[in-house]
Amino acid sequence: MVHKLKVFLTRIQTKLLLSFLILIMIPILIAVMLYYESSNRLLMAEVHQSSAEMLAKLADRVNTTAERMYQASHLMINDPEMIEFLQLPDKSWLVEYDTFQKYKTFSKKMINIRDFLLETEAYVAVFDFRGHLTSTWTIQQSNQIYEQMQLEPWFEATKAMQGVPLWNIFGEQDMGIVQGSQAETYLTMTRLVAGSTGKGYGIVLIAVPISSMLPEMIAELPSEKAAGSKLFLVRDQDLLLGDEMAYGALDQRFLINEQHINQLGWSLIEATPSNLFSEKLQSLRNQSMFWLVLLLMCCCLVFIMIMLRIMKRLKMLHSSMSKVGSGNFTPIPIGAGDDELVLLSRKFNDMVSNLSVLVRNVAEEQKKKEEAKFQALQAQVKPHFLFNTLTSIKWSAKLSGAEHVSEMITSLGKLLSYSMKNDKEQALLSEEIDFLRSYVSLQNIRFNNSVRLKADLPSELLAVPILKFTLQPIVENSIIHGRSDPLLISIHGSIKDGMVTISIRDNGGGSIGSDDDTDENRAEHHASITVSKFSGIGLNNIHERIKLHFGEAYGLTVRNIMNEGFEVTLQLPLREGER
C-alpha cells in the first residue's frame, strides 16, 4: 500500500495536479477569503465613519440648541426689569396698574425671548420664590404644579448651583404640558435668578422638545428599534433617553459611536448591530464562493483533460524509448502542431534515425578493424620451423667463417622473433625502433650500406605503446622510392597537449605517386592521407588502422618537400596512464 502511494505521488501527472491545487486553486480561495475579510473590515469602517459623521451632526444640533437656551436664560436672569418684577410684593400686579404693566412686560419678554432665540416649540417659565409660576404655555392648577416642582430634586439643586445652568430631561407630565396624544420629551435648563446682592428671586426654566433636535430618536418604530440603529443620550454612563434594555445589552456585536455634547456635558451614543452588514456580506460571499468553486472545478476538469492528453503522448514517447533500448529503432508517430511535445517527438525520431546510422557505422568500422587486424597478423611470418631452420643456418655460417651471412640471419631472426613474440596489437615504441634497426640492417646488405637510420626520440616517448608494424612500412616506402645515395632516414617525436607526434623524414626526394610526377605533385604541400594517395597498400593500411583504433582525428600526414625529400607524420593520442 505504501509502495503504491509512493509510486502514485512520484508520477508526473500527480505532481502536476497537486501543483495546480496547491499553487493555483488554494491560493485563489485564500485570496478570496482574505478579500472578503478585508471588504468586511472596510465596509464596517466606512459604516462606522458615516455613522460617526451623522452622529456628530446630531450632537452639533443639540449643542447649538443648548447654546441658544443658555443665551436666552442669560438675557432673562440679567434683565433689570425682570429682576425688579420679581422683587415686587406678592400679587401687587393684581391691584396696582403700574405693577400690572410690569407683569405684562415680564410675560411679553419671555415670549419674545422664546420666539427670537428659541424654536416656537420651546417653552419658557419662571418659578418665583413668592409661590407663583409664570410660563409661555397654558397651565391649569399652576399652584399645584409649582408645589409639585418644588419637591423635585432639581429645584433645590438649581438653587445650590447659584446661577450655573442645570440640564435635565423632562416629560410632559412633569411640566403640566398637554401637547397631544403622543407624549413628548424635553431638554430642560434651569437657572437661579439672583440680584446684585446674591439673593435668589426665582428659577428660570427653558424646555425644548427632543423631537426638534433629535427626530431620529423619536421617530423610530418598534420594529426598527429591534433591528436598526439605536440612539442613546447618556450622562456619566447613566442613560437619560433611549431604550434601557438595548443600552444594557450593548457589546461587541454592535458598532458603537459616541459624540460629546460640550454645552451639556452629556454624550450621544449610536449603536448599530454588526449582523445587519455581516449577513448581507455573508450572503454575497457564499454566492461568490459558489461561482468561484464552480469555475475552479471547470478549470480543473479542463486541466486534467489536457494533462491526460499530454501524459498519453509522453507515455508513447517512453514506450518508444524502451523499444530503442531493446534495439528497435522504429520512429514514433508525430501529431499535428508545433508544440513542445511535437518538437520533442521530431527530435526523438531524428535521434533514432541517427542512432540507427551510428550503429551500422560502428558495426562496419568494427568489421573493418577486425579485417585490418587480420591483415596485420597475416603479414607476420610465424612458422616456428622457419625460425629454427634459420638458427641452424646461422650457426653453420658462423662456424664456416661467413660472418656477414651470420649477421644477416641474426637480423632476420630478430624480425621473425618480433613478429612471433605475441599476438597483441600494440608494442612499445622502443620495440618498434629495434625492429626497424634490424630491418634496415638487412636492407643495407641489399643496398651496400647506403641506408642510414637515425632515431632522435625522448626517453618518455620510447615507453609509449603504438600499433605494431606502424613505422616499418613508412621506412620501407622511403627505401623503395628514395633517390639519394646515401639515403638518410631520421625519426623525431614529441609529446604535447596529450598528443603524440612522430615524424619520419628522408632525403631521397621521392614521392608516393608514380615516376612521372607533375610539378604540382613535386611542390611542397601538406594534406591528410586518403586511400587514393598511396601507391601501395602498406601506408594505407597503417592510416586506416590508426583511424579505426584511435578515431577520425588521428592518422598519417605526408609532405613532398621539393628537392629535399619526403616526410610522413603520425599523430596518436596519449592515453591516460601511458606517461
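Points worth noting:
- For segment 186-199, the count of residues that are open to solvent by 60 Å² or more (accessible area, probe 1.4 Å) and modelled with pLDDT of 85 or more is zero.
- For segment 305-325, the tally of residues that are more than 27 Å from the chain's Cα centre (by Cα) and in contact (Cβ under 8 Å) with a residue 40 or more places away in the chain stands at 1.
- Here Arg130 qualifies as modelled with pLDDT of 80 or more and in a loop (DSSP other than H, G, I, E, B).
- Scope segment 326-337; condition open to solvent by less than 70 Å² (accessible area, probe 1.4 Å) and either free of Cβ contacts under 8 Å to residues at least 24 places away in the same chain or within 26 Å of Lys15 (Cα to Cα) (or both); matching residues: Gly327, Asn328, Ile332, Gly335, Gly337
- Hits in segment 200-211 - residues which are small (Gly, Ala, Ser) and crowded, with 20+ Cβ neighbours inside 10 Å: Gly202, Ala207
- Within segment 110-132, tally of residues that are crowded, with 17+ Cβ neighbours inside 10 Å, hydrophobic (A, V, I, L, M, F, W, C) and in contact with a strand residue (DSSP E or B) (Cβ under 7 Å, 6 or more places away or on another chain): 8
- Within segment 81-103, the presence of at least one residue that is surrounded by 16 or more Cβ atoms within 10 Å (Cβ to Cβ) and not in a helix (DSSP H, G or I) is confirmed.
- Leu255 meets the conditions (1) under 30 Å from Thr330 (Cα atoms); (2) touching a helix residue (DSSP H, G or I) at 6+ places or on another chain (Cβ under 8 Å) in every case but one. The failed one is (1).
- Residues that are assigned to a loop (DSSP other than H, G, I, E, B) and in contact with a strand residue (DSSP E or B) (Cβ under 7 Å, 6 or more places away or on another chain) were ranked within segment 471-485; the one that is most open to solvent (accessible area, probe 1.4 Å) is Gly482.
- Breaking point among (1) on the phi > 0 side of the Ramachandran plot; (2) at pLDDT 75 or above, for Gly327: (2)
- Qualifying residue in segment 31-46 (condition: surrounded by 14 or more Cβ atoms within 10 Å (Cβ to Cβ), within 30 Å of Ser135 (Cα to Cα) and either of a type outside the set (Lys, Arg) or in contact (Cβ under 8 Å) with a residue 12 or more places away in the chain (or both)): no
- Residue list for segment 455-470, restricted to those being open to solvent by less than 20 Å² (accessible area, probe 1.4 Å) and not hydroxyl-bearing (Ser, Thr, Tyr): Leu461, Val464, Ile466, Leu467, Lys468
- Residue satisfying all of: in segment 537-573; open to solvent by 30 Å² or more (accessible area, probe 1.4 Å) and of a type in the set (A, V, I, L, M, F, W, C); modelled with the lowest pLDDT among these: Ile537
- Filtered residues of segment 417-433 (kept if in a helix (DSSP H, G or I) and at pLDDT below 80): Ser417, Tyr418, Ser419, Met420
- If the condition is being open to solvent by less than 40 Å² (accessible area, probe 1.4 Å) and at pLDDT 80 or above, then segment 212-241 contributes Met213, Leu214, Lys230, Leu231, Phe232, Leu233, Val234, Leu241.
- Entry remark, segment 434-456: residues being in contact (Cβ under 8 Å) with a residue 24 or more places away in the chain, under 11 Å from Val475 (Cα atoms) and assigned to a helix (DSSP H, G or I) number 4 in total.
The values are calculated or read from the model by the stated rules, or taken from the named source; none is laboratory data. Note that the coordinates shown come from a computational prediction; the quantities given were computed from them, not determined experimentally. Don't worry about glycine lacking a Cβ; one is built from the backbone with ideal geometry, like all the others, and counts go over all protein chains shown. Ligands, DNA and RNA are excluded from the accessible area calculation, which covers all protein heavy atoms including side chains. Shrake-Rupley method; radii C 1.70, N 1.55, O 1.52, S 1.80 Å.
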